């Protein structure tokens, strides 16, 4: 099984109440090898919700307790993100997940980049909280921007799960 950010397979869970459906992932989602998840929903954040960004670091620093996540309305939502990431990890372990395809630049799911915490649209190198936790546990991470059809086939996403 492969974890996939729920917004990438059409679930309307993004902060603005929308989805960010990825054509190739939507195609392979029908094979039954994806577990669609949203760490922010698992952390009991509402849909829609104010945008949030990691302040003074990345997901690794949030997990270490040296950075926090604030909403654009100045609400500290750090614990929601940490709880969502921990719940996601529990699901990944239960299902023997070895790979995850996550939404780039998300404060939860960003694989290579996140926003810098100023709500200015400035991107920095770093991972979101859930991505950082999954990575620490040896789960291979991909962003939707990395994915090709061959990669999905190599990950076993093309096999039909008759299950």
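Could you please find all residues in segment 29-52 being closer than 15 Å to residue 155 by Cβ and buried (at least 21 other Cβ atoms within 10 Å of the Cβ)? Result: 34, single match. Applying a threshold of 6 Å to beta carbon distances and a minimum spacing of six or more residues, or different chains, the list of pairs starting in segment 24-50 at a residue that is within 18 Å of residue 128 (Cβ to Cβ) and ending at one that is surrounded by 14 or more Cβ atoms within 10 Å (Cβ to Cβ) and modelled with pLDDT under 95 reads 35/1. Considering the conditions (1) within 18 Å of residue 34 (Cα to Cα); (2) within 10 Å of the chain's Cα centre (by Cα), residue 129 is excluded by exactly one of them, (1). Selection over segment 28-45 of residues that are within 16 Å of the chain's Cα centre (by Cα) and either more than 18 Å from residue 92 (Cβ to Cβ) or part of a loop (DSSP other than H, G, I, E, B) (or both) gives a count of 4. Residue pairs whose Cβ atoms lie under 7 Å apart, sitting 6 or more positions apart in sequence or on different chains, and linking a residue in segment 57-85 that is in contact (Cβ under 8 Å) with a residue 60 or more places away in the chain and at positive phi to a partner that is part of a loop (DSSP other than H, G, I, E, B) and surrounded by fewer than 16 Cβ atoms within 10 Å (Cβ to Cβ), are 57/66.
The values are calculated or read from the model by the stated rules, or taken from the named source; none is laboratory data. It should be emphasised that the depicted structure is a prediction, and the values quoted were computed from it without experimental measurement. No Cβ is skipped: glycine too gets one built from the backbone with ideal geometry, and neighbour counts run over all protein chains shown.
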